[in-house]
Amino acid sequence: MLTNSRRGVRAVALSTVFVGGLAAFAAAAQPQAEVLHYWTSGGEAKAAAALKADFEANGGKWTDNAVAGGAGDAAMTVLRSRVLSGDPPAAAQIKGPNIQDWAKQGALGNLNKVAAAENWDKVLPPQITSIMKYNGNYVAAPVNIHRIDWFWANPAVLAKVGATAAPKTWDEFNALAEKLKAAGITPLAHGGQAWQDATIFETVVMGLNGAAFFKKAFVDLDDATLRSADMNKVFDQMRKIRGFVDKDFPGREWNAATQMVMNGTAAMQIMGDWAKGEFLAAGKVPGKDFLCAPVPTQGGYLMNVDSFAMFNVKGDDKLAGQLLLAKLIVGEKFQETFNVYKGSIPARLGVPMDKFDSCAVKSSDDLKASITAGTLVPSMAHEMATNGAVRGAILDVVTQHFNGSMSSADASKKLADAVKLAK
Ligand code: GAL
């Protein structure tokens, strides 16, 4: 780890070198970037504004292209049409295997220059650099590490049935949910959208069957695992969970479900920690106004890394904008500011955690523990485990089961068949 003084000297040297390089661009044209993203909720917008402010403070001209829609399916549709029409945005929020797919098609710019100047190989963990590179070249810049497997709970509502903490097992969850339901309280706030159903689904996969099963199912796409009796058990639990949501859940946005926990009309939500960004943006205090607790996932950690890939565009101003944006995204100061607002933790190593709350510290500690235990897995629901076609096939079956009367055995069979067709 660099000592402060050496790091200070190094930073000055680097920024001089880089600014020098950038100055050459700046002399030619103001760095500019059109940025396609899907951060439109309260907490997300606040975090996105931090990136825009940082970019403009460094002389950049930011064109915002925000496409609403949780988990980005709508944004990805816009991106595909823009690239196909030969007019890609300079930067787009894409992640996981999608980065590899776009790079394979030759659609992404090379970020090696800024990665070398900013020492990304040293300041980013290998679990992240491997996702950001294609054929050994950096093609995307990582923004954060979100954790999927969280309960968000309203302690005052839990107290109405004598509960003082979020459940630690799925049996405890079911018992608590029955008690809440009997007291006329909605146990689980939920938005009925495929990606949200899949977000709950993947935490149940981890909780009932563990990380090795999860990887075989959603990384290896192993047919026998997908149609196994153990996968039936997951759908059994999803059927129980279906009985714990309110009648108006279909189509609800994820942040509207978070609001239900915030205002006490529901006890809990299972959602990634971007939900924490909503509580913080509303001035809520963790441990007092809301509780964060890992969903039972057998010591697992469902990882979701947001990143921006730079698409092939023309013009010194746009190229300078892409390099400036990539540099800022991985910068230590931005990694702190952005992630405090976003509810995630830094992708960059060594960012001081003193500005982060107890939920973020828990996430950081559990991440390290999961790497040691081999229970760190890429989120399937959030495009980290598979490509878009396979993810879409999985989401279709999960949401069909959740919203219908399909048996667990039929669901597992349908899941395996759909994945076989999609891969
Ligand atoms: C995730 C994304 C998060 C957040 C969430 C809700 O897929 O990684 O940054 O935007 O969707 O939209």
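The values are calculated or read from the model by the stated rules, or taken from the named source; none is laboratory data. Remember, predicted model here, so these are calculated numbers, not experimental data. All Cβ positions, glycine included, derive from the backbone under ideal geometry; neighbour counts span all protein chains shown. The accessibility values were calculated without ligands, DNA or RNA, using every heavy atom of the protein model including side chains. Shrake-Rupley method; radii C 1.70, N 1.55, O 1.52, S 1.80 Å.
Looking at Leu367, Leu349, Leu328, can you tell me which residue is surrounded by fewer than 21 Cβ atoms within 10 Å (Cβ to Cβ) and in contact with a Phe, Trp or Tyr (Cβ under 6 Å, 6 or more places away or on another chain)?
On inspection, the qualifying residue turns out to be Leu367.
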Considering the stretch 51-75, residues that are surrounded by fewer than 20 Cβ atoms within 10 Å (Cβ to Cβ) and under 18 Å from His146 (Cα atoms), and then whichever is farthest from the ligand (Cβ to nearest atom), we arrive at Asp73
Cβ pairs under 8 Å, 6+ apart or interchain, first in the stretch 32-48 and closer than 14 Å to Glu278 by Cβ, second β-branched (Val, Ile, Thr) and near the ligand (Cβ under 8 Å from one of its atoms), ordered by first then second residue, are none
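Per-residue answers, yes or no, for (1) under 15 Å from Asn154 (Cα atoms); (2) within 16 Å of the ligand (Cβ to nearest atom):
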site	(1), (2)
Gly277	no, yes
Lys284	yes, no
Ala293	yes, no
Ala320	no, no
Across (1) farther than 22 Å from Asp273 by Cβ; (2) touching a residue at least 60 places away in the same chain (Cβ under 8 Å); (3) buried (at least 16 other Cβ atoms within 10 Å of the Cβ), Ile148 clears everything bar (1)
Result of the Cβ filter at 6 Å on the stretch 63-89, keeping first residues that are under 22 Å from Ala45 (Cβ atoms) and without any contact (Cβ under 8 Å) to a residue 60 or more places away in the chain and partners that are open to solvent by less than 60 Å² (accessible area, probe 1.4 Å) and of a type in the set (Ser, Thr, Tyr), at least 6 apart or interchain, is Val67/Tyr38; Gly69/Tyr38; Ala75/Tyr38
Within the bounds of the stretch 97-118, is there any residue that is in contact with a Gly (Cβ under 7 Å, 6 or more places away or on another chain) and assigned to a loop (DSSP other than H, G, I, E, B)? no
With respect to Met406, is the statement that it is more than 23 Å from the chain's Cα centre (by Cα) and assigned to a loop (DSSP other than H, G, I, E, B) true? yes
Restricting attention to the stretch 134-144, the residues that are within 11 Å of the ligand (Cβ to nearest atom) and surrounded by fewer than 24 Cβ atoms within 10 Å (Cβ to Cβ) number exactly 1
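Can you work out which of the residues in the stretch 295-310 that are among the hydroxyl-bearing types (Ser, Thr, Tyr) and within 13 Å of the chain's Cα centre (by Cα) is nearest to the ligand (Cβ to nearest atom)?
In this case the residue turns out to be Ser307.
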For the stretch 242-264 the number of residues that are within 16 Å of the ligand (Cβ to nearest atom) and touching a helix residue (DSSP H, G or I) at 6+ places or on another chain (Cβ under 6 Å) is 3
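Condition check ((1) modelled with pLDDT under 95; (2) part of a strand (DSSP E or B); (3) more than 23 Å from the chain's Cα centre (by Cα)) across all residues:
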position: Ala24; (1), (2), (3): yes, no, yes
position: Val35; (1), (2), (3): no, yes, no
position: Ala49; (1), (2), (3): no, no, no
position: Asn65; (1), (2), (3): no, yes, no
Those residues of the stretch 76-106 which are within 16 Å of the ligand (Cβ to nearest atom) and among the basic types (Lys, Arg) amount to Lys95
Review point. Does Gly404 satisfy being at positive phi and either open to solvent by 10 Å² or more (accessible area, probe 1.4 Å) or of a type in the set (A, V, I, L, M) (or both)?
Key: no
### Query
Does any residue of the stretch 98-107 turn out to be among the polar types (S, T, N, Q) and more than 29 Å from Glu202 (Cβ to Cβ)?
no
Note on Phe279: of the conditions (1) crowded, with 24+ Cβ neighbours inside 10 Å; (2) closer than 20 Å to Ala381 by Cβ, unmet is (2)
Query - Condition check for Thr297: assigned to a loop (DSSP other than H, G, I, E, B) and crowded, with 24+ Cβ neighbours inside 10 Å - result: yes
In the set Ala267, Ala198, the lone residue that is of a type outside the set (Phe, Trp, Tyr), touching a residue at least 24 places away in the same chain (Cβ under 8 Å), within 16 Å of the ligand (Cβ to nearest atom) and surrounded by 19 or more Cβ atoms within 10 Å (Cβ to Cβ) is Ala198
Test result for Leu325, part of a helix (DSSP H, G or I) and within 25 Å of Asn137 (Cβ to Cβ)
yes
Listed by range, strands (runs of 3 or more DSSP E) wholly within the stretch 119-197 having at least 2 residues that are outside the structural domain of Gln237 (by TED's automatic domain parsing) and of a type in the set (Gly, Ala, Ser) are 140-142
For the stretch 315-325, the count of residues that are under 15 Å from Leu36 (Cα atoms) and either open to solvent by 10 Å² or more (accessible area, probe 1.4 Å) or not assigned by TED's automatic domain parsing to the domain that holds Lys122 (or both) equals 2
Of the residues in the stretch 357-398, those that are of a type in the set (Ser, Thr, Tyr), within 16 Å of the ligand (Cβ to nearest atom) and in a helix (DSSP H, G or I) come to Ser363
